[in-house]
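The values are calculated or read from the model by the stated rules, or taken from the named source; none is laboratory data. These figures come from a predicted structure and were not determined experimentally. Neighbour counts are summed over all protein chains in view; Cβ atoms, including those assigned to glycine, are modelled from backbone coordinates with ideal geometry. Heavy atoms of the whole protein, side chains included, go into the accessibility calculation; ligands, DNA and RNA do not. Shrake-Rupley method; radii C 1.70, N 1.55, O 1.52, S 1.80 Å.
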Amino acid sequence: MNQTAFEAKLASIRVLPVVVIKNLEDTEPTLAALMEGGIPAAEITFRTACAADAIRIGAEKFPEMHIGAGTVINGAQAEQAIAAGATFIVSPGLSAEVAEVCKKADVPYFPGCATPTEIMQAISLGITTVKFFPANVYGGLGAIKALSGPFPQVKFLPTGGVDLSNIKDFLAFEKIVAVGGSFMMKGDIKKNCEALMEVLK
């Protein structure tokens, strides 16, 4: 799925869970809980040794889900994630190396950008939807609105500090394609997702 098509799908889902899989056996129950709770997407972070295998399991067992890789910081990780079946890539910062790998594979890439300079670099790479991270540290919704002035073509995926208390405010702004976060991953994932879907009705 190309960048435009995936972004349209992401906009309909509205939430991108950030998932840390520490033990491979947790992969299936975790992704099943997200699905059952109404969120058919997961950004599995590359912070753990089993991340690529978890992505592979997710892609095989849950073909109806959008399984991607997060915390991807170099081209080698991007290649490994895509080979495992990741359908999108997310980075905490902007990497031209990762952007090139994703472009060649026609896989959507969302680099972390928090400053005008980083956004300009993303635009120069042909990227117009960026992860705004950590959103709570860099000014939250107010900062996103301010950045939207000089960059009207850019959309944002804010992550960090987004939760049930402010998610509707973020999603109400037209330049935000969806929000990312791990707030629904603590405790009963299915119930958390159901509560989230209720808030978003």
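Any chance you could look up the accessible area of MET184 with a 1.4 Å probe, heavy atoms only, rounded to 10 Å²?
Surface accessible to solvent at MET184 totals approximately 0 Å².
Using θ = phi - 60° and the Karplus relation 6.51 cos²θ - 1.76 cosθ + 1.60, list the HN-Hα couplings for segment 2-11 in order, rounded to whole Hz, with x at every Gly or Pro.
6, 4, 4, 5, 5, 5, 5, 5, 4, 5
Just how much of THR48 is accessible, in Å², when a 1.4 Å probe is used and the result is rounded to the nearest 10?
Only protein atoms counted, so the area is about 30 Å².
Of the chymotrypsin sites (Phe, Trp or Tyr not before Pro) in segment 120-187, which ones lie in a loop per DSSP and count no more than 16 other C-beta atoms within 10 Å?
Taking segment 120-187 and a limit of 16 other Cβ atoms within 10 Å, the loop chymotrypsin sites (Phe, Trp or Tyr not before Pro) found are PHE173.
State the label only: which of (1) 19.9, 66; (2) 17.0, 56; (3) 15.6, 46 corresponds to Rg and Dmax of the Cα atoms in Å computed from the shown model?
Checked against the structure: label (3).
Using unit Cβ charges (K, R positive; D, E negative) and no other charged atoms, how large, in debye to the nearest 20, is the dipole of segment 112-201 about its Cα centre?
60 debye
In the structure displayed, which of LYS131/LYS201; LYS22/LYS61; LYS103/LYS186; LYS155/LYS190; LYS131/LYS168 lie more than 22 Å apart, Cα to Cα?
With Cα atoms farther than 22 Å apart: LYS131/LYS201; LYS103/LYS186; LYS155/LYS190.
Relative to the present Cα-Cα distance, how much length would full extension add between GLU100 and ARG47 at 0.36 nm per residue of separation?
Extra length from GLU100 to ARG47 when fully extended: 16.9 nm.
For GLY70, which sequence-distant residues (separation of 5 or more, or a different chain) have an amide H within less than 5 Å of its own amide H, given hydrogens modelled in the peptide plane?
ILE44, THR45, PHE46, VAL90
Which percent of the accessible heavy-atom area of segment 109-197 goes to carbon and sulfur, probe 1.4 angstrom?
Within segment 109-197, the accessible surface is 55 percent carbon and sulfur.
Sorting GLU64, GLU25 by accessible area (1.4 Å probe), largest first, what list results?
Accessible-area ranking of GLU64, GLU25, largest first: GLU25, GLU64.
Mind listing which trypsin sites (Lys or Arg not before Pro) in segment 35-102 are in a DSSP loop and have 16 or fewer other Cβ atoms within 10 Å?
For trypsin sites (Lys or Arg not before Pro) across segment 35-102 that sit outside H, G, I, E and B with at most 16 neighbouring Cβ atoms in 10 Å, the list reads ARG47.
As a test of the formula, what do you get for the chain when each DSSP H run with n ≥ 4 contributes -39,500 (n - 2.57) and the sum is divided by the residue count, at 222 nm and rounded to the nearest 500 deg cm²/dmol?
One gets -13000 deg cm²/dmol as the mean residue ellipticity at 222 nm.
Got a sec to turn the phi values of segment 119-128 into Karplus ³J(HN,Hα) couplings, 6.51 cos²θ - 1.76 cosθ + 1.60 with θ = phi - 60°, whole Hz, x for Gly and Pro?
5, 5, 5, 4, 4, 5, 8, x, 9, 10
Output wanted: per-residue J couplings in Hz (rounded whole) for segment 158-175, from phi through Karplus 6.51 cos²θ - 1.76 cosθ + 1.60, θ = phi - 60°, x for Gly and Pro.
x, 9, x, x, 8, 8, 4, 6, 10, 4, 5, 5, 4, 5, 6, 7, 5, 8
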